[in-house]
DNA sequence: AGCATAAGCGGACTTTACCCCGCTTTATAT
DNA sequence: ATATAAAGCGGGGTAAAGTCCGCTTATGCT
């Protein structure tokens, strides 16, 4: 038997986990995020409160799990879908496409994404902060192709990630913060993101 | 008697407010932010819990008030101090100086700044989001001087503010997230901020 | 000074996240 | 099949945020 692996999830545990997520979605759909309480969730799922906490650790953990579920499809598109979001386009185009897609995703899910925030912990939205890692990777590629000559790409990646996700997580009101018309092409934040990226990469030598 | 003014704060109320802030600072100094509870604060200040909530509305409100107190000096320097932080320098220099100063301020106060976050409300750190307004103003000036040709400065201001404050508010761990040596000149985030601003303003025509 | 009124005050009460720990169930090894 | 240990489960218990409302006190007017 292999050594370090901490033994697979028990089948009853897995069943309960899926059940809880399912019920949580129902409760959110019916009464909104605010009304999802740990007691209520446990009772409606026919389980004990202790079970809920064992599975998700904290209230925010439930919403994190929900976001992660929805994030999976998004990640697929980023990692293996068609360009420019997926691999194949040049890094600058991919950064722009990623930003637009991520903003749309966050707007779509802003209720649960914000509920997933935990005051006592750094942001863990998406599995291990996909955004920061992906942005960092694309910046690295851009540097390889000599599209960019900046030394500290780690800090830059953190700041660009904040520019991307921060507005939705922090700075905008929660109720209808955006034009009622969600035409993807007309989201101001997305246009602004594109501007920042384009200017960041416009080098004096090959301008344009 | 003038009309709309809602009558000045009563002297006992003001006394209690100051008293509570003072006691809160003591408790933070002794046991850290986490240990400041509303009951504890009220008891130690010799007041009722209801009073604490009436004054500050919410737990986060206390820390908001503390940050605002400290913010006042910072604001003075921005509004009326010597350039480049204060008025007098060109907008680009002021943006860079503002970012560096703000990052230093947030690092200095990161414990209470983070405690001032409220999951149910957009970020209100600083009085009415000084950062966003100030950045917006400097962007506007830059456009007047034709240093910048971007249409939607509002969105840009939001995103730059997020790039500035987001990392400290959201993305970095809370315990010693930074080099122990706090030399202002060596803060990676500040350097990275400067890079973003410089590139944002570097126009193809007058590059350099 | 006396009065009317709005503001402030206190602390019991409610709600909810989160902890704890004895019991039950599952997975594995023999 | 049985034993054993690890993981899961339940629900009562605790602590802390936030609400309510009857009582008290400051304030401004006359």
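Bear in mind that the values in this text are calculations on the coordinates, not laboratory data. Every value quoted in this text rests on a predicted model; they were computed, and no experiment measured them. Heads up, the Cβs are rebuilt from the backbone with ideal geometry, glycines too, and the neighbour counts pull from every protein chain shown.
Can you sort B:110, B:31, A:134 from fewest to most other Cβ atoms within 10 Å of each residue's own Cβ? Working shown, then result.
Working: B:110 17, B:31 11, A:134 20.
Least crowded to most crowded, the residues run B:31, B:110, A:134.
Among B:100, B:72, B:132, determine the one that fluctuates most according to a GNM of chain B built with springs between C-alpha atoms less than 10 Å apart.
Fluctuation is largest for B:72.
Just rank B:145, B:98, fewest to most, by other beta-carbon atoms within 10 angstrom. All intermediate terms of the calculation are to be shown ahead of the outcome.
Working: B:145 10, B:98 24.
With the fewest neighbours first, B:145, B:98 line up as B:145, B:98.
With contacts defined as alpha carbon pairs under 8 Å and 6 or more residues apart, what's the relative contact order of chain A in percent? Write out the running numbers ahead of the final one.
Numbers: 159 pairs, mean separation 37.6, N = 208.
Relative contact order comes out at 18 percent.
Could you give, in nm with one decimal, how far residue B:9 is from each other copy of that position, shortest first, with labels 7 Å out from Cα toward Cβ?
For residue B:9, the inter-copy label distances come out at 5.1 nm.
Report, in degrees rounded to the nearest 10, the 0 to 90 angle that the Cα long axis of helix B:130-144 makes with the longest principal axis of chain B.
20
Please identify which residues in region B:32-66 have an amide N closer than 13 Å to a label point set 7 Å out from the Cα of residue B:111, following the Cα→Cβ vector.
B:32-36
Listing A:49, B:35 from the residue with the fewest other Cβ atoms within 10 Å to the one with the most, what is the order?
Numbers: A:49 14, B:35 10.
Fewest-to-most Cβ neighbours within 10 Å comes out as B:35, A:49.
Under the convention of a label 7 Å out along Cα→Cβ, give the distances in nm from residue B:140 to the same position in every other copy, shortest first.
4.3
Show that you can apply the helix-only estimate: for chain B, add -39,500 (n - 2.57) for every DSSP H stretch of four or more residues, divide by all residues, and state [θ] at 222 nm to the nearest 500. List each step's numbers first, then the result.
Values: 9 runs with 126 residues, N = 208.
Helix contribution divided over all residues of chain B: -19500 deg cm²/dmol.
In Å, what Kirkwood hydrodynamic radius results for region B:34-73 from the alpha-carbon pair distances?
On the way: mean 1/r = 0.0946 Å⁻¹.
The Cα-based Kirkwood calculation yields 10.6 Å.
In 20 Å bins starting at zero, report the fraction of Cα pairs in the protein assembly as shown per bin as a rounded %.
23, 53, 23, 1, 0
How many Å³ per residue does the convex hull of the Cα positions in region B:22-117 occupy?
Details: hull volume 9.5 nm³, N = 96.
Per-residue hull volume (Cα only) is 99 Å³.
Across the residues of A:144-154, average count of Cβ atoms on other protein chains within 10 Å?
So the per-residue partner count for this stretch is 2.
Once you order the gyration tensor axes a ≥ b ≥ c over the Cα atoms, which shape class does chain B get: rounded for a/c under 1.5, otherwise prolate or oblate by comparing a/b with b/c? Show your work: numbers first, answer last.
Working: a/c = 2.54, a/b = 1.69, b/c = 1.51.
Verdict is prolate for chain B.
Can you give the angle from 0 to 90° between the axis of helix A:153-166 and the longest principal axis of chain A, with both taken from C-alpha atoms, to the nearest 10?
For helix A:153-166, the angle is close to 60 degrees.
As I understand it, the value is the acute angle between the Cα axis of helix B:91-108 and the longest principal axis of the Cα atoms of chain B; what does it come to in degrees, rounded to 10?
30
Report, for residue B:111, each distance to the same residue's label point in the other copies, shortest first and in nm; define the point 7 Å along Cα→Cβ.
In ascending order, 3.8 nm.
Suppose R0 equals 35 Å. What FRET efficiency, 1/(1 + (r/R0)^6) with r the Cβ-Cβ distance, do residue A:75 and residue B:90 give to the nearest 0.05? Don't skip to the answer; put the middle values down first.
Working: r = 43 Å, r/R0 = 1.23.
Efficiency, from the Cβ-Cβ distance: 0.20.
Tell me, what are the semi-axes, in whole angstrom and largest first, of the equivalent ellipsoid of region B:84-157 as set by the roots of 5 times the Cα gyration tensor eigenvalues? Could you put the intermediate results ahead of the total?
Details: eigenvalues 133, 50, 13 Å².
Listed largest to smallest, the semi-axes of region B:84-157 are 26, 16, 8 Å.
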